[in-house]
Amino acid sequence: MKLFISADIEGCAGLVLPAETHKQESIYRPFAEEMTKEVLAACEAAHEMGADEIVVKDGHGDATNIDPFQMPEYVTLIRGKSGHPYNMMWGIDDSFDGVIFIGYHAPAGDPRFPVSHTSTGNSLYIRLNGKYMSEFMLNAYTAASHGVPVLFLSGDEAICSLAGELVPGIETAASKWGEGAAVVCRPKSAVIQQIRCGIKKALRKDFSACRINMPERFVYEVTFKDWKRAYQMSFYPGMKPVDTFTDRLETENWMDVVTAHSFVVY
């Protein structure tokens, strides 16, 4: 069995402040270590269930958060940013049997987690076919474009709920839940155990229940915080201004959405 793991940091155990995600801050290191532990737990659980080839994509910031020296011999870790529009999913192709997401978080515009955002902090919110687009939604559709089912997600309670709406067959593990600027955290040992158990349960199931049917058409809308940025990005090929703060792209090609997103919100 060949699995792809895409990992982020904001949805890992304990994290509540943006500064805790930034490498230059003194409080960052414990959370990078926790991200490594949660990814390692996911890899070990999957390997115990028969996954003999696992590719892990470090998906946060400059993509050098996971300790490469902690990864087992059956894991290939992708560090750094290639520049490919797939970004957090770079390395995925049709050969994988399933995808796992670790440490994911609520999207921009979702008040249920204080560090909610989608890819960067430049958007107030992003909508895809009328729904708030999370990094999970973006990356799950990318997996689906290759015919790869989405099996498991860990992260804050809001993104776990949203993942279940998009992929009814998915297994999830909630690390915490938010209200206002606060987060109620589960113990990291409990989060690790939830990840292990959730992945084992996911890998026992029929993967067909975790396949996503791609829409025939995509309407991608970004509402920026800065009207000047909205004006500038309205000149990206295919993007059209909707109002002072919002630009829209309509297409039948998923790669158009992924490519536009990799340019206009960064």
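Counting only C-alpha contacts under 8 Å and six or more residues apart, can you give the relative contact order of the chain as a whole percent? Kindly include the intermediate steps, with their values, before the conclusion.
On the way: 586 pairs, mean separation 53.2, N = 266.
With pairs under 8 Å counted, the relative contact order is 20 percent.
Surface analysis of the chain yields an accessible area of 43 Å² per residue, using protein heavy atoms and a 1.4 Å probe.
Here the chain exposes an accessible surface that is 52 percent carbon and sulfur, computed with a 1.4 Å probe and the other protein chains kept in place. Partners of K225 within straight-line reach, counting lysines whose Cα lies under 24 Å from its Cα and excluding those fewer than 8 residues away in the same chain: K131, K240. The helix-only estimate of mean residue ellipticity at 222 nm for the chain, built from DSSP H runs of length n ≥ 4 each weighted as -39500 (n - 2.57), is -9000 deg cm²/dmol after division by the residue total.
For the range 193-258, which GluC sites (Glu not before Pro) are both in a DSSP coil and crowded by at most 11 other Cβ atoms within 10 Å? Mind dumping the intermediate values first?
Working: sites: E216, E221, E250, E252; in loops: E216, E252.
The qualifying sites are E216, E252.
Qualifying trypsin sites (Lys or Arg not before Pro) in the range 139-218, where qualification requires a DSSP coil assignment and no more than 13 other C-beta atoms within 10 Å, comprise R217. Couplings 3J(HN,Hα) for the range 160-174, derived from phi with the Karplus relation 6.51 cos²θ - 1.76 cosθ + 1.60 (θ = phi - 60°), are 4, 5, 5, 5, x, 5, 7, 10, x, x, 6, 9, 9, 9, 8 Hz, where x marks Gly and Pro.
Work out the FRET efficiency for D94 and V184 from their Cβ-Cβ distance, taking R0 = 35 Å, and round it to the nearest 0.05. Working shown, then result.
Values: r = 40 Å, r/R0 = 1.14.
Here the calculated transfer efficiency is 0.30.
The values are calculated or read from the model by the stated rules, or taken from the named source; none is laboratory data. The shown structure was predicted, so the numbers you read here are calculated from the model rather than taken from an experiment. We place every Cβ from the backbone using ideal geometry, glycine too, and count neighbours over all the protein chains shown. These accessible areas exclude ligands, DNA and RNA; they are computed on the full protein's heavy atoms, side chains included. Shrake-Rupley method; radii C 1.70, N 1.55, O 1.52, S 1.80 Å.
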